[in-house]
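Below is one structure, written out as structure tokens; comments come after it.
Read the figures in this text as sums done on the coordinates, not as results from a lab. Keep in mind that what you see is a predicted model, and the values were worked out from it rather than measured. Methodologically, a virtual Cβ is constructed for each residue, glycine included, from the backbone with ideal geometry; neighbour enumeration extends over all protein chains shown.
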Amino acid sequence: MGAHMMGTHQPQSELFSYQVDLERRVHAQHPLRRVLAQVDFTFAREVVGHTYGQNGHVSLDPAVLLKLMFLLFQENIRSERELMRRVPERLDWLWFLGYGLDDAIPDHSVLSKARKRWGGELFETLFVRTVRQCVEAGLVDGTKVHLDGSLIDADASRDSVVKADPATIARIKAAYAAQERKLDDTAPPSARTDINRRLVSTTDPDAPCVSKGPASGTARPRYKAHRMVDDRCGVITATATTPGDIAEPGQTLPLIAQHEDNTGREVAAAVADRGYGTVENYCDLVERGIRPHVSPMLPADHRREGRFTKDDFLYDAASDRYVCPAGQSLRPKRTHQRRQMTDYVADKKVCALCPRRERCTNSKLGRSIARHWKEETLEFARAISRLPEAYADRARRRHLMEGSFARSANLHHFKRARWRRLWRQQIQDHLIAAVQNIAILCGTVPTAVGARLPVRPKAVRGSSGAASAAVRFAFSGPHDPAGEFPAGQIDVRLAA
């Protein structure tokens with residue numbers, strides 16, 4: 001080998017750089033190349049064009065501003081100040097934005113000014129465009145969806161919360177121009193909504209105080225992101241942002257309507273956890289021809305070991321009565337207009353002398369059974385929810401739906417609001433959903449097309465309370481979307 005002298009590099013500041021080509025500095029497989037190949041950010045100019053005038057100072061290109069906000073969540077940057085500080089250091093970001101080395105980097109304040117000028121329409125449009133691109137790419141089936149909600153900490157501390165009477169709180173919210181709450185006056189207020197009539201955060205009055213559960217400690221201002229995910233590849237097809245005390249079941253039908261509008265596909269099956277297993281949800285889904293693969297919300301008596309449950313009572317439609325395991329009758333006594341239910345009550349004297357009383361009830365008034373006015377529809381829905389396919393879908397949901405939230409929390413700053421007020425939180429949720437869909441579209445995250453987890457089927461409980469091989473219902477509703485259960489006599493066959 002020949003002799004070599006060791007060289008020493010002498011760093012020097014170059015006055016002129018004529019040979020720097022950012023196109024050559026960004027390698028062919030860079031993720032941002034895939035993003036630009038799939039997403040045309042220039043659509044922003046048309047969407048927000050009406051918010052600009054014809055004279056005055058020339059603003060930054062809306063397409064560039066949208067790319068900057070995309071990078072904020074794509075790269076999980078701590079703040080907009082930090083984003084602008086790092087842009088000159090990243091050649092790939094400069095190339096993505098269409099900037100050169102000598103171009104001036106805008107101040108971080110242009111982003112907040114742009115959001116205030118534009119509102120939320122542009123970001124919702126970006127999200128919808130990603131959904132439709134995923135549909136065109138064959139990444140969305142559309143007929144089976146998973147839905148869930150997740151709490152998001154507002155950009156407000158607990159110290160900002162003040163407590164007062166409802167009238168004072170209403171005046172404070174009016175002074176802050178808080179988002180008007182649309183509450184159903186016919187429904188009783190939940191514990192969360194009732195408490196928040198007396199509380200308000202002066203930092204973010206749109207965010208009510210909510211706790212994450214008994215073990216999570218004190219409540220704090222929070223929002224809630226509701227999300228619908230397609231079963232094929234986990235594409236987010238619908239999203240909604242509400243105050244944190246809004247119940248998840250009430251968002252089911254709006255999310256389904258948004259999904260069908262965004263994808264052009266009709267939902268045939270909806271998969272969700274027990275929080276969505278309400279009577280209203282079951283009936284609404286079945287009446288719309290959607291299979292409710294939703295965990296049933298068990299009533300209290302199902303959790304009492306050794307007690308007779310409603311399944312142990314036989315309903316006689318001809319005489320409109322229930323027959324208990326001891327052969328006694330329960331007849332209609334009270335109706336509940338709001339709950340749309342009728343209470344069937346046994347004779348208290350008969351119950352007092354019944355040898356099976358200890359396994360049935362402790363009430364001195366006798367055993368009662370609540371029957372919904374759409375009980376046949378409800379029984380059909382619950383039977384569907386206990387099919388092996390529904391059980392398998394709920395097992396798949398654990399990694400598909402919860403995995404979608406986990407990626408957004410770990411990679412895209414999902415669990416805490418960057419900005420204050422509900423309309424800005426909606427922008428954040430639309431941006432994060434769009435970023436995740438683009439990642440699926442570009443193939444930068446693993447997908448589980450057609451994947452199924454091995455599960456053990458659960459049998460349906462019959463009228464005797466034991467597992468049965470077949471359960472038959474007389475049902476006059478619409479055809480099942482998959483064509484398995486025609487109207488009329490529905491035969492749900494399961495392995496015992």
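Sorting 141, 206, 21, 92 on the 10 Å Cβ count, fewest up front, what's the list?
On the way: 141 18, 206 26, 21 9, 92 15.
Going from sparsest to densest Cβ surroundings: 21, 92, 141, 206.
Please report the projected area of region 300-374's Cα convex hull averaged over all directions, in nm².
5.2 nm²
How much length, in nm to one decimal, is gained on full extension between residue 364 and residue 157, taken as 0.36 nm per residue of separation minus their Cα-Cα distance? Intermediate values should be presented prior to the final figure.
Details: separation 207, 0.36 × 207 = 74.52 nm, distance 4.94 nm.
Gain on stretching residue 364 to residue 157: 69.6 nm.
Using Cβ counts within 10 Å as a stand-in for footprinting exposure, how do 82, 280 rank, fewest first?
The most exposed by this proxy come first: 82, 280.
Spelling out what I want: for every residue of region 138-152, take phi, set θ = phi - 60°, compute 6.51 cos²θ - 1.76 cosθ + 1.60 (Karplus), and round to whole Hz; glycine and proline get x.
x, 8, 10, 8, x, 8, 10, 10, 10, 9, 6, x, 9, 6, 10
What full-extension length gain, to one decimal in nm, is calculated for residue 112 and residue 317 as 0.36 nm per residue of separation minus the Cα-Cα distance?
67.5 nm
Check residue 238: other-chain or 5+ apart residues with amide H under 5 Å from its amide H, H built from backbone geometry?
Here the answer is 228, since their amide H atoms fall under 5 Å of that of residue 238.
What ³J(HN,Hα) values, in whole Hz, does the Karplus curve 6.51 cos²θ - 1.76 cosθ + 1.60 give for region 75-91 when θ = phi - 60°, with x put for Gly and Pro?
9, 6, 6, 4, 8, 5, 4, 5, 4, 5, 5, 8, 3, x, 7, 10, 5
Quick one: which residues, 5+ away or cross-chain, put their amide H under 5 Å from the amide H of residue 200? H built at 1.01 Å from N.
162
Karplus couplings for region 61-66 from phi (6.51 cos²θ - 1.76 cosθ + 1.60, θ = phi - 60°), rounded to Hz, Gly and Pro as x?
Calculated HN-Hα couplings, in order: 4, x, 5, 5, 4, 5 Hz.
Ranking 407, 338, 171 by Cβ neighbours within 10 Å, fewest first, what do you get?
So the residues, fewest neighbours to most, are 338, 171, 407.
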